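Contents: one structure, followed by commentary.
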Amino acid sequence: MADSLRSKNRISRLAGMARRHGAASTWNHILAAVSLRTRPVRLVSWPRFIQIEVTSRCNMACVQCSRSTLGKPECQGNMSLDVFDRVLSGFKHYQYVTLHGLGEPLMNPQLEDMVRLLRQRSPEVVVGFNTNGLLLTPQKAIDLAEAGLDEIGISLDAATDETFLRIRGSDKLREIKKNIATIVSGPGPRPKLAVTLVVMEPNIRELVAFVEMAHAIGVDRASFCDLSSRWKPASGEDPMAVRDVETAREESAKAERRASKLGLPFVYTKLDDAIWPDVFIPCFYLWDYPYITWEGKLTPCCALPYAEEFSLGDLRERPFRELWNGKIYRRMRTDLREGVIPDVCEGCHHAEDPALGHVCTCDDAGTS
């Protein structure tokens with residue numbers, strides 16, 4: 001009975017997608033979903049998800065960020081609208097576009113134009129980005145919503161001023177919260193808002209308070225994610241890595257229960273195998289989620305955003321489809337299929353044996 005109901009729901013969703021996006025995009029969605037499970041070396045499907053780094057510049061220096069642990073990119077700048085347009089022209093059938101990368105997206109003065117262009121090209125695409133919130137004013141939220149933005153994730157990582165200062169190097173938490181509350185309660189249009197937290201040693205005792213803070217300021221969702229082990233310091237211990245594993249488990253469970261009681265949608269993407277040894281999300285980036293730098297260069301994923309160190313090609317010079325099934329992509333897919341971790345993927349929580357299966361507590365927007 002349950003299987004029959006799930007099948008009916010799946011068919012209903014696909015029928016709705018076909019009405020909104022057309023038969024070709026719906027067929028691509030099916031092919032992409034199958035590819036994530038069968039993991040072919042050469043792909044017929046187009047990626048449903050695209051991450052575009054609209055700027056590599058940032059106005060913060062968060063301790064856990066790769067800009068702090070691995071160093072800032074050698075060359076920094078804003079993506080131009082012309083390059084953005086050229087990059088988009090090489091894709092078909094995409095459903096989700098994320099407009100952030102190594103930098104703070106609100107520092108690109110053409111961000112609204114990019115959202116508007118995306119909306120004109122693909123009216124049904126879901127467009128969003130993550131921000132540190134320093135530049136997110138109520139008027140900016142209205143302008144972005146009117147341009148067609150769907151979602152904004154605001155990275156806070158703390159529920160108290162002291163922890164926020166320690167992790168993000170700023171004393172602006174109260175100001176950011178005030179702006180969020182004003183956006184939520186304001187009369188103008190607004191994107192959906194989520195506040196996000198990377199679970200780290202300094203904030204593991206603030207997880208419940210973070211959920212309560214999210215509910216109090218009125219956002220649409222609270223999201224947790226584990227710290228990426230790829231971005232740990234080159235030498236010495238990572239001061240942000242969770243050491244008190246039991247406390248992290250207990251507090252995250254309390255936070256989830258608290259969110260449920262408050263009626264606040266809650267997502268926790270579990271990546272830390274020390275905290276969650278039974279949770280594994282195999283790589284989906286090589287099959288469904290490319291990353292493009294502000295210069296228009298293609299890299300495999302957000303964990304490999306430094307094009308000067310590793311690039312699959314320049315989308316200003318070669319079409320995406322050619323690179324998508326190019327020699328390097330095919331070699332990396334082959335290696336992962338065979339349980340061989342490519343050198344550039346060493347240390348990544350997604351680069352493990354696919355035979356272990358796909359277990360994820362996050363919603364189905366990103367990985368299913």
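The table below lists the values:
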item	result
Members of region 33-43 found to be part of a loop (DSSP other than H, G, I, E, B) and charged (D, E, K, R), listed by number	Arg39, Arg42
Subset of region 5-58 that is under 19 Å from Thr98 (Cα atoms) and of a type in the set (D, E, K, R) - its residue that is nearest to the chain's Cα centre (by Cα)	Glu53
Cβ pairs under 9 Å, 6+ apart, first in region 280-309 and within 16 Å of Asp343 (Cβ to Cβ) and without any contact (Cβ under 8 Å) to a residue 40 or more places away in the chain, second open to solvent by 30 Å² or more (accessible area, probe 1.4 Å) and of a type in the set (S, T, N, Q)	Thr299/Ser311
Cβ-Cβ under 9 Å pairs, at least 6 apart or on other chains, region 31-42 side more than 13 Å from Leu14 (Cβ to Cβ), far side open to solvent by 80 Å² or more (accessible area, probe 1.4 Å) and among the aliphatic types (A, V, I, L, M)	Ser35/Val44
Candidates Glu246, Glu322, filtered to the one that is within 30 Å of Asp82 (Cβ to Cβ), in a helix (DSSP H, G or I) and charged (D, E, K, R)	Glu322
Yes/no for Ala307 being of a type in the set (Gly, Ala, Ser), over 22 Å from Cys65 (Cα atoms) and open to solvent by less than 40 Å² (accessible area, probe 1.4 Å)	no
Residue among Thr299, Thr293, Thr334 that alone is more than 20 Å from the chain's Cα centre (by Cα) and either of a type outside the set (A, V, I, L, M, F, W, C) or open to solvent by 10 Å² or more (accessible area, probe 1.4 Å) (or both)	Thr334
Among (1) closer than 30 Å to Gly218 by Cα; (2) open to solvent by 40 Å² or more (accessible area, probe 1.4 Å); (3) in contact with a Leu (Cβ under 9 Å, 6 or more places away or on another chain), the one test that Lys261 misses	(3)
Scan of region 24-35 for residues that are over 18 Å from Gly326 (Cα atoms) and of a type outside the set (Phe, Trp, Tyr), ordered by number	Ala24, Ser25, Thr26, Asn28, His29, Ile30, Leu31, Ala33, Val34
Residues within region 204-230 that are of a type in the set (S, T, N, Q) and either within 23 Å of Asn179 (Cβ to Cβ) or modelled with pLDDT of 95 or more (or both), tallied	1
Some residue of region 175-190 being touching a residue at least 40 places away in the same chain (Cβ under 8 Å), closer than 30 Å to Arg19 by Cα and open to solvent by less than 10 Å² (accessible area, probe 1.4 Å)	no
Selection status of Ala274, in contact (Cβ under 8 Å) with a residue 24 or more places away in the chain and either in a loop (DSSP other than H, G, I, E, B) or closer than 22 Å to His349 by Cα (or both)	yes
Residue within region 240-257 that is within 30 Å of Ala158 (Cα to Cα) and touching a residue at least 60 places away in the same chain (Cβ under 8 Å) present	yes
Residue count for region 44-75, restricted to those that are farther than 12 Å from Asn108 by Cα and assigned to a loop (DSSP other than H, G, I, E, B)	17
Scope region 294-316; condition of a type in the set (Asp, Glu), at pLDDT 95 or above and in a loop (DSSP other than H, G, I, E, B); matching residues	Glu295
Some residue of region 268-279 being surrounded by fewer than 16 Cβ atoms within 10 Å (Cβ to Cβ), of a type in the set (S, T, N, Q) and in contact with a strand residue (DSSP E or B) (Cβ under 8 Å, 6 or more places away or on another chain)	no
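Conditions (1) among the basic types (Lys, Arg); (2) closer than 23 Å to Pro109 by Cα; (3) at pLDDT 95 or above, marked per residue:
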position: Gly148; (1), (2), (3): no, yes, yes
position: Asp157; (1), (2), (3): no, no, yes
position: Gly186; (1), (2), (3): no, no, no
position: Leu197; (1), (2), (3): no, no, yes
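The values are calculated or read from the model by the stated rules, or taken from the named source; none is laboratory data. Bear in mind the structure is a predicted one, so any value in this text is a computation, not a measurement. Counting neighbours? That spans all protein chains shown, and the Cβs are built from the backbone with ideal geometry, glycine included. Side chains included, ligands, DNA and RNA excluded: accessible areas come from the protein's heavy atoms. Shrake-Rupley method; radii C 1.70, N 1.55, O 1.52, S 1.80 Å.
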